[in-house]
1. Condition first: exposed (fewer than 10 other Cβ atoms within 10 Å of the Cβ) and part of a loop (DSSP other than H, G, I, E, B). Now tell me which residues in the range 1-16 satisfy that.
2. Of everything in the range 20-40, what is in a loop (DSSP other than H, G, I, E, B) and over 11 Å from the mean Cα position of the chain (by Cα)? Give them in sequence order.
3. Applying the selection to the range 46-55, what residues are in a helix (DSSP H, G or I) and exposed (fewer than 10 other Cβ atoms within 10 Å of the Cβ)?
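Each value in this text was obtained by applying a stated rule to the coordinates, not by laboratory testing. None of the values given here were measured: they were computed from a predicted structure. Methodologically, a virtual Cβ is constructed for each residue, glycine included, from the backbone with ideal geometry; neighbour enumeration extends over all protein chains shown.
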């Protein structure tokens, strides 16, 4: 995923502080929008513009 071992260990030991973990730069690098799209997930922005903005 492109994350050093020490950073993965540090992020894995955050306990139950999910909001803090999501704002971590290493998490944002490892789980990018491009990677989520490759798994078939749709971006909320893309969904909104497709469903709500087209008038």
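1. 2, 4, 13, 15, 16
2. Quick first cut of the range 20-40, residues in a loop (DSSP other than H, G, I, E, B) only: 23-24, 31-32, 39-40.
Within the range 20-40, 39, 40 qualify.
3. Of the residues in the range 46-55, the ones in a helix (DSSP H, G or I) are 46-53.
Listed by number, the residues that qualify are 51, 52, 53.
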